[in-house]
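The structure appears right after this line, and notes come after that.
Bear in mind that the values in this text are calculations on the coordinates, not laboratory data. None of the values given here were measured: they were computed from a predicted structure. Note that each Cβ is placed from the backbone with ideal geometry, even for glycine, and that neighbours are counted across all protein chains shown.
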Amino acid sequence: MDSSGSLAALLDAFEEPTLIVRLGLVDLANRAARALLGEAIAGRDLRLAIRHPLALETIQAGRTAEVQLAGIGAADRPWRLAVSPIGIAGTLVRLYDRSPLESAERTRTDFVANASHELRTPLATIIGYAETLAEPGAIGEEMRERFGATIQVEARRMLRIVEDLMSLSRIEAERYRAPGEQVDLGEVIRIAIDHAAGLAERRGCRIEAMIAADPPLMRGDFAQLLQLADNLIANAVRYGCTMTSCTIFVSLYVEGERLQLAVRDEGDGIAPEHLPRLTERFYRVDSARSRESGGTGLGLAIVKHIVERHRGVLDIRSTPGNGTEAIVTMPLS
Ligand SMILES: Nc1ncnc2c1ncn2[C@@H]1O[C@H](COP(=O)(O)OP(=O)(O)OP(=O)(O)O)[C@@H](O)[C@H]1O
Ligand SMILES: [Mg+2]
C-alpha cells in the first residue's frame, strides 16, 4: 500500500468525519465524511464540498482552530469543527457530532425547570395560606383549621418530591456498582403487597398474588427491589382500580436464569402515545388525577433506574380500556 493509501486507511479508522484539505481541494475524505458530505467529495474543490460559510472560512484560514456550528448534513445538527495544519500534507479537518452532548444538556435543563416548577406550586400555596393565617383575626376557627390542613398536605407533598429526587440521585450514583445481596424476590413482593393493602382496601381493590414456589435467590439490592415493587403495585392500585370491585394480579415467574415480575391491572389503560414517556421524570398522563392521589411523577423513573442497575428490562404494555401490565425481567446474577 502506498503512503496515501495507508493514510486513507488511517482516516477510515476514525469514527468522526475527517478530511485532509490541500491547496483548496479535498485531498482525502474518510468513510464518515463521505457518508455525510457525499461519496464524490474526494478531489473536489473545497468550496463545493463544504458550503457552510463559517466552516469554509475556518478551514481556509489553515490555522489551528475550533468552532461550533450547525447545518452540515441535517439542518440543525450541531458540530464542533477542529482544524489542524499538518505541514506539507495540508490541513486536517475533523467534525465532532455534538447532538448527544446537547441532548444530555437539554435533559438536564428540562429536569431543573420541571423540578423547580413542581416544588414552586405547593410552596406558593403554603405561602398564601400562611400569610392569611398570620393576619390577626382575618379568618374564623373553621377556616383556620382548613388552611392549616392544606399547608400540611402541600408541605408533605414537597417533602415527598424531595425524598423521591434524593432517592433517584442515590440510585443513579450507584448505577455502576453491582448490587451484592442475595434477595428472595417472592418475599419482596409479599412485603410490597402488604404495604399496599390499606390503599387497596379503601379502593375496594383485591390483590391476587401468583408467586413461584421457592424462587431462586437473585443478586440484588433488597431496599431498591422493594421500592420497585411498591411503585408498580401502588400505580396499579391508584390508576388501575377504576371500578368499585377490581383485581390486581402480581406474579413472579422463573424463566431459566431470569426472574419475571409482572403487575397487571384491569383499569382504563394508557394511550399508546404516552407509553414511551412514562419513565421520564415528572411525566404524568393525567397530572390532575395523579397529583390528587399524591403522585409526583417520579415513581416509574425510579423503577427504570432500579431495573437498569439490576441489568434488567422494564416493559409497560397497555391497551386503552383493557388495563395495564408492567413487566420487569431481571437476571439472577
Ligand atoms: N397502571 C397504570 N394505569 C394507568 N396509568 C398509569 C399506571 N401506572 C402509571 N400510570 C400513569 O403514569 C404516570 C407516571 O407514573 P409514575 O409512577 O411515574 O408517577 P406517579 O404515580 O404519578 O407518582 P409517584 O409514583 O411518584 O407517586 C402516572 O401519573 C399515571 O398517569
Ligand atoms: Mg407511581
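Take the Cα of Met143, step 7 Å toward its Cβ, do the same at Ala209, and the gap between the two points is 5.0 nm.
Can you tell me the dipole magnitude for the range 181-331 around its Cα centre, using point charges on the Cβ only (Lys, Arg +1; Asp, Glu -1), in Debye to the nearest 20? Kindly include the intermediate steps, with their values, before the conclusion.
Working: 17 positive and 21 negative charges, 89 e Å.
That gives a dipole near 420 debye.
Relative contact order of the chain, please, whole-number percent, based on alpha carbon pairs below 8 angstrom and at least 6 residues apart. Relative contact order comes out at 12 percent.
Around Val67, under 13 Å between beta carbons, what's the net of Lys plus Arg minus Asp minus Glu among the other residues?
On the way: positive: Arg63, Arg80, Arg94, Arg98; negative: Glu57, Glu66.
Residues near Val67 contribute +2 overall.
Think of each Lys and Arg Cβ as +1 and each Asp and Glu Cβ as -1; about the Cα centre, that makes the dipole of the chain roughly 780 debye.
If you sort the three axes of the alpha carbon gyration tensor as a ≥ b ≥ c, you get a/c of 1.5 or more for the range 181-331 and a/b above b/c, which makes it prolate.
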